Each structure stands twice: as C-alpha cells, then as structure tokens.
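A short worksheet on the structure shown next.
The values are calculated or read from the model by the stated rules, or taken from the named source; none is laboratory data. Here the structure is a predicted model, which is why all the values come from computation and not from measurement. Neighbour counts run over all protein chains shown; Cβ positions are idealised from the backbone, glycine included. Accessible surface areas use protein heavy atoms only, side chains included; no ligands, DNA or RNA. Shrake-Rupley method; radii C 1.70, N 1.55, O 1.52, S 1.80 Å.
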Amino acid sequence: LKSFAIVLYGFCGVSMGNIARLFKVSTVAVLKWVKSAAAQINPPDKAKKPEIVMIDKFWHFVNGKKNTIWLWRAIDGISRAPIGRHMGTRSDACLRELVQKVDTGKCSFVTDEWGGFYRVLPEERHFVGKDLTFPIEATNSDIRHRVARFHRRSKVTSRSLAMVNVLLDIFHHLQSKENLEKLLKPILSFFS
C-alpha cells in the first residue's frame, strides 16, 4: 500500500490529497509515508566522477506565483543520472553553489547559452549548444510531465522547499528501473 502510494506520488503525478482519498487515510499519513521513503534513499555516489556534466535550470513557484524559485540541476552527461541540484534565484551565485557541488576539476560542462554559464564555468571546459543539452532538457521535461507540482499551470505552487527536495529525491530514485521494480514487486505479486 505504502509502496504504491510512493510510486503514485513520486512518479505518476498523483497528489497527496488524491492518494489519501484513494487509500482512505489522512493526508498527514501520506506525508509521513513520503518523508519516510525519501529518508531511506541514498544520495548520489560522490565517488563516481562524471566526465561530462550537463547543467540546466527551470522555474517553479513556492507559496504563490509571486515567489519564483529556480531549480538548478546537474546530470551525468553519459548516464543521465542526477549528480546535484540547488534551489535559489537565477543568479551567478546559485550557479556557483551548484558547480562547487559537482565540479571534479577535470569534467567538461555542457550548457545552453545563458550568460551566467560563460561568467562562472571555466572557458576551456565549457561547451555550449542547445543541440548538446537535449539529455538534461529531456529529464527536465520528464519532471514537468510526471510530477504534479511541476506542471506548468498557474495554480500549481509548492508550499515548502523541503517537500520539493523530498519529491525530487523520490523521483530521481524511481528513475532507476531496479528501484522502481523493487517498490512495485509487492504490488505486482498481489495481482499474480
């Protein structure tokens, strides 16, 4: 039951309120399930040093449309696995914070043509072009499509940055086929 709720919330765009109604529990119970599941997820392996780091950003609303935050994401350019993220403004300072989390000193950075990338990233390791960034653009699109709170509707906002982080942890965890199968195994065995 809880595993199915986590998949619905973290990968299928179903809200906590709808999950609570579906399973006839309180929204607080679903919130506890979600937080518990996120606490069990291991962070990305820092020992793996990506050769290519793709960086991009997209906006989201927190506590209303007047409060825009920018979600900065970095993925491994080969495996497409998430390697870092930062939430803040659309500023060079926020980009620097993300770069400090993911820069190995040897990796190449691939970005679009936003001016801040030119100002912050080392010129000799920075490659630019929309034709090169399609993997991270595709994962951004997956997040926008699969996660309800990131749909591009004017009424969709988040109340808590902490819950945005929890949801992204779960979403990225479930992008792994093995992790998704592990969560779905009890559910699938019920139907067989």
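See the values below:
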quantity: Candidates per GluC sites (Glu not before Pro) in the range 38-140, loop by DSSP, up to 11 other Cβ within 10 Å; calculated: 51, 113
quantity: Sum of -39500 (n - 2.57) over DSSP H runs of 4+, divided by residues of the chain (222 nm, nearest 500); calculated: -14500 deg cm²/dmol
quantity: Per residue value of the accessible surface for the chain (all protein chains in place, 1.4 Å probe), Å²; calculated: 57 Å²
quantity: Residue 33 accessible area, assembled protein chains, probe 1.4 Å, Å²; calculated: 40 Å²
quantity: For the range 2-24 versus the range 57-132, the gap between their alpha-carbon centres in whole angstrom; calculated: 30 Å
quantity: If the convex hull is drawn through the Cα atoms of the range 1-113, its volume per residue in Å³; calculated: 137 Å³
quantity: Neighbour net charge for residue 184 - beta-carbon separation under 14 angstrom, K R +1, D E -1; calculated: +2
quantity: Projected area, mean over directions - the chain, Cα convex hull, nm²; calculated: 11.8 nm²
quantity: Within the accessible area of the chain (1.4 Å probe), percent carbon and sulfur; calculated: 55 percent
quantity: Equivalent-ellipsoid semi-axes of the range 57-147, from the Cα gyration tensor, Å, largest first; calculated: 22, 16, 12
quantity: Mean separation of Cα contacts under 8 Å, 6 or more apart, over the residue count of the chain: relative contact order %; calculated: 26 percent
quantity: In degrees, nearest ten, helix 92-102 long axis to first principal axis of the chain (Cα); calculated: 80 degrees
